[in-house]
Amino acid sequence: MPQASPQGPGRLTPALCLALCLSWLAAPALAAPPAAPAAPAAKAPAQGEAAWAKEMPAIERRRQARLDYVQAVTEFNAGRYQNAVRLLQQCLAVLPGDEQARKLLALAQEQARKSQTGSLQVTSTPPAEVFLDGRPLGRTPLNLPALAVGRYKLQARRGGFSREHDLVIKPRTATSVTFDLQSQLQVQVLHAPGSQQPRPGRGFVLQVPLGWRLAPKTAAADLRLSPSQGQGLIQVNSGPLRRAGDLKQQVRMWEDEFFASGTPLQDKQNGRSLSLGGVKAYEAVYQGGGQKAKFYFLVASGRLYVLRGVFPQAEYALGAKALDEVAESFRPQ
C-alpha cells in the first residue's frame, strides 16, 4: 500500500483524493429535510354563504316570535284578548320554552272567555223551574256566572203558570231577572171614579196578568196596573157616551180630545176592528216621545171603555202582550 510522503501541511496527494471520491460515491444519499406542515386551506367563500343561508330561516322565525310577543302584550293591554291569544300561540310554536309567553297566554285565554260571557241571576215568587231556550236550568233562585253572550228565551214555570222573558246577555255584564208567578188576580170595579154614588153592576171584571200588580188608586183612571219589573203602565178608563154614533165615530171623537191634550203620542200607527169577549172593539197603536202605546176601545151599556198600555219603545213588545191578556179577560158589567 503506498504511503503518503510528507509534502507540506493540509495538502492531499493524488492517491488520497481518489480514495475520498470513491468513498463519497459509495455512501448513501442524505435525506432531505422534512417539509414544513402545509397551512389549512381557506374555506371557499361559496361554502360559507350556503351555511348562512341555511341558518337564516330559523333566525328569522325566532325574531318574528319575539315581535309576536311584544305585539301580544299591546293587544292584551288594549283588551283585545283574542288577538293576544293568537299572537302568543304563534310565539310559543317557535319558542315553546318561553315561560313568560306561556303565562301570558293562560291569562289572555281566561280574559277572552270572560269577554264572551256575562252572568245571569234568576229569582221568582214563588220558586219555579227555569228554562233557557227550552233547556232546563234548575229551580230558582239560580246564579249562572258564565253564560255566552247572545239572545235567549227565558221561561219560568210553576204548576199551570208560566212566564217568558226575552233575555239579552252582554259581555262582562250581570243580568238579573225576577218572575212573578203568583196566581192571577181577578179585579172587579163596580163604579167609575167621579160618580157620586157607587152603582153595583156598572163596571168591569178583568184578570191581572202575571208579573203585574195593582197600582195605587188614582182619580185619572178606573184601574191602573204596573209591572213588577221594567217600566210602563196598563190603565182602564170609562165614561158615558157623549154623542150618538157607532164605535169608530166614538173613537174619532176620543182621538180629537186626546191629541188636543198635548200627549206625545201624536203618531197613529194603525187601527182595526175586532171582537173582545163577543163585544165589538177597536184596536189602535200610537207612538211618540220615545213611547209606544196600544189602545182597545169598546162600547157597552152606554159607556165607552178605553184600555191602554203605554211603554218605552224598547219594552213595547212585552207590555203589549200583557195588555192583550187584560183585553181578552175584560168583561163590562
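The values are calculated or read from the model by the stated rules, or taken from the named source; none is laboratory data. Just so it is clear, the structure is predicted and the values come from calculations on it, not from any experiment. Positions of Cβ are generated from backbone atoms using ideal geometry, with glycine treated the same way; all protein chains shown enter the neighbour counts.
Just a yes or no: is a residue in the stretch 171-182 modelled with pLDDT under 80, surrounded by 13 or more Cβ atoms within 10 Å (Cβ to Cβ) and assigned to a loop (DSSP other than H, G, I, E, B)? Looking for residues that are modelled with pLDDT under 80, surrounded by 13 or more Cβ atoms within 10 Å (Cβ to Cβ) and assigned to a loop (DSSP other than H, G, I, E, B), one finds at least one in the stretch 171-182, hence yes.
Out of everything in the stretch 287-303 that is more than 20 Å from residue 321 (Cα to Cα) and of a type outside the set (A, V, I, L, M, F, W, C), what residue ends up being surrounded by the most Cβ atoms within 10 Å (Cβ to Cβ)?
Narrowing the stretch 287-303 to residues more than 20 Å from residue 321 (Cα to Cα): 289, 299-303.
From what's left, of a type outside the set (A, V, I, L, M, F, W, C): 289, 301-303.
Values: 289: 11, 301: 13, 302: 8, 303: 16.
Restricting to residues being more than 20 Å from residue 321 (Cα to Cα) and of a type outside the set (A, V, I, L, M, F, W, C), the top hit is 303.
Do we have residue 80 as more than 30 Å from residue 322 (Cα to Cα) and touching a strand residue (DSSP E or B) at 6+ places or on another chain (Cβ under 9 Å) here?
no
Tell me which residues, restricted to the stretch 226-253, are within 46 Å of the chain's Cα centre (by Cα) and either assigned to a strand (DSSP E or B) or within 24 Å of residue 333 (Cα to Cα) (or both). Of everything in the stretch 226-253, those that are within 46 Å of the chain's Cα centre (by Cα) and either assigned to a strand (DSSP E or B) or within 24 Å of residue 333 (Cα to Cα) (or both) turn out to be 226, 227, 233, 234, 235, 236, 237, 251. Considering only residues in the stretch 84-96 that are of a type outside the set (A, V, I, L, M, F, W, C), part of a helix (DSSP H, G or I) and without any contact (Cβ under 8 Å) to a residue 24 or more places away in the chain, the one that is surrounded by the fewest Cβ atoms within 10 Å (Cβ to Cβ) turns out to be 89.
You will find that of 283, 315, the residue that is at pLDDT 90 or above and within 15 Å of residue 250 (Cβ to Cβ) is 283 and no other.
From the list 325, 315, the lone residue that is in contact with a Pro (Cβ under 7 Å, 6 or more places away or on another chain), touching a residue at least 40 places away in the same chain (Cβ under 8 Å) and under 25 Å from residue 165 (Cβ atoms) is 325. Within the stretch 282-292, not a single residue is more than 27 Å from residue 164 (Cβ to Cβ), touching a helix residue (DSSP H, G or I) at 6+ places or on another chain (Cβ under 9 Å) and touching a residue at least 60 places away in the same chain (Cβ under 8 Å). Inspect all residues belonging to the stretch 265-279 and state whether any of them is of a type in the set (S, T, N, Q), modelled with pLDDT of 90 or more and part of a loop (DSSP other than H, G, I, E, B). The answer is yes; a qualifying residue exists. A count restricted to the stretch 101-142 and to residues that are surrounded by 14 or more Cβ atoms within 10 Å (Cβ to Cβ), part of a strand (DSSP E or B) and under 23 Å from the mean Cα position of the chain (by Cα) stands at 12.
Could you tell me whether residue 305 is under 22 Å from residue 227 (Cα atoms), at pLDDT 90 or above and over 41 Å from the mean Cα position of the chain (by Cα)? Yes.
So if I check each of 99, 110, which one is closer than 22 Å to residue 148 by Cβ, free of Cβ contacts under 8 Å to residues at least 40 places away in the same chain and of a type in the set (Asp, Glu)?
Values: 99 fails: closer than 22 Å to residue 148 by Cβ.
Testing whether each residue is closer than 22 Å to residue 148 by Cβ, free of Cβ contacts under 8 Å to residues at least 40 places away in the same chain and of a type in the set (Asp, Glu) leaves just 110.
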